[in-house]
Structures are given as C-alpha cells and as structure tokens.
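Here's the structure, in structure tokens; my notes come after.
Nothing in this text is a laboratory measurement; each read-out follows from the coordinates by a stated rule. Since this is a predicted model, take the numbers as computed values, not measurements. Don't worry about glycine lacking a Cβ; one is built from the backbone with ideal geometry, like all the others, and counts go over all protein chains shown.
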Amino acid sequence: MKPRSQKPQGKLQGKPHGKPNKGPGKVAHSQKPYFKNKNKQKGKDDKPNKPEIRNMKRQEKAAKEAAEREKVRAERDAQVKAYKKKRLEKTKAISKRTQKGQPLMKDRMQLLLKQIEEMKRH
C-alpha cells in the first residue's frame, strides 16, 4: 500500500482554482437580492398585459368578421328568396293548361308583357 499524501491545510477543498467565496450564498455583493412582493395583490383596475390585449383584439376582430358574414348571408338569402318567388310565378303561368291540355295563352301573354315593361325600365 502506498501512503496517503496529506493536502496542505491552507487551500480550500472542493473549490477549483482556489477562488475564495465572495459572500453568503451565490449572490455577489454587486447584485441586489431579489425579494418577492408578498403584499402586492393584482387589482382589476390594473391595465391588462400583452397576451390579454392580443386576445381582446382577436375577439373583437372575430366578432366584427362574424357580424359581416351574417350580414352578407342575410342579403344573399333575401336575393335567393326573391329569385325563387319570381321563378315560381313564371312556372305557374307557363304550366297552366286548358281542359283539353292546350297551353293557356292569356297567362303567357301577361308574362311576356311584364318582361317587356321591365326591359323598357332598364
């Protein structure tokens, strides 16, 4: 067995390069210690933080877009309804027949008259 060599007493064990401690714990003297504000409570009168502001803007934008889509949809539905009503009237006028199965010319003539009046207006 080899005899153990004794380390000199002047050096610190566990500290590489022999740097001395600067103070208590890991905080250096030039840094201020961090203390949490336990008494400070977040009130509702504080202004919202950035993520909350972004979410509020997104919600406003989504509500605006939804209202616009609903308006466009209502207009389109009204146009489709008017077109279907007009088409139904035209179909009824053209499909009328006499008892012998001949087409009824009176309603067809009224339909043609309406079309001519509309063309004159425009």
Surrounding net charge for residue 95, when Lys and Arg each add one and Asp and Glu each subtract one, Cβ distance under 13 Å:
+4
Under 17 Å between alpha carbons, and skipping anything fewer than 8 positions from residue 57 in its own chain: which aspartates and glutamates qualify?
65, 68
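Just list whichever of 61/85; 81/114; 81/106; 86/120; 84/120; 86/106 have alpha carbons separated by over 30 Å in the model shown. Don't skip to the answer; put the middle values down first.
Values: 61/85 36 Å; 81/114 20 Å; 81/106 27 Å; 86/120 19 Å; 84/120 23 Å; 86/106 18 Å.
Violating the 30 Å Cα-Cα cut-off are 61/85.
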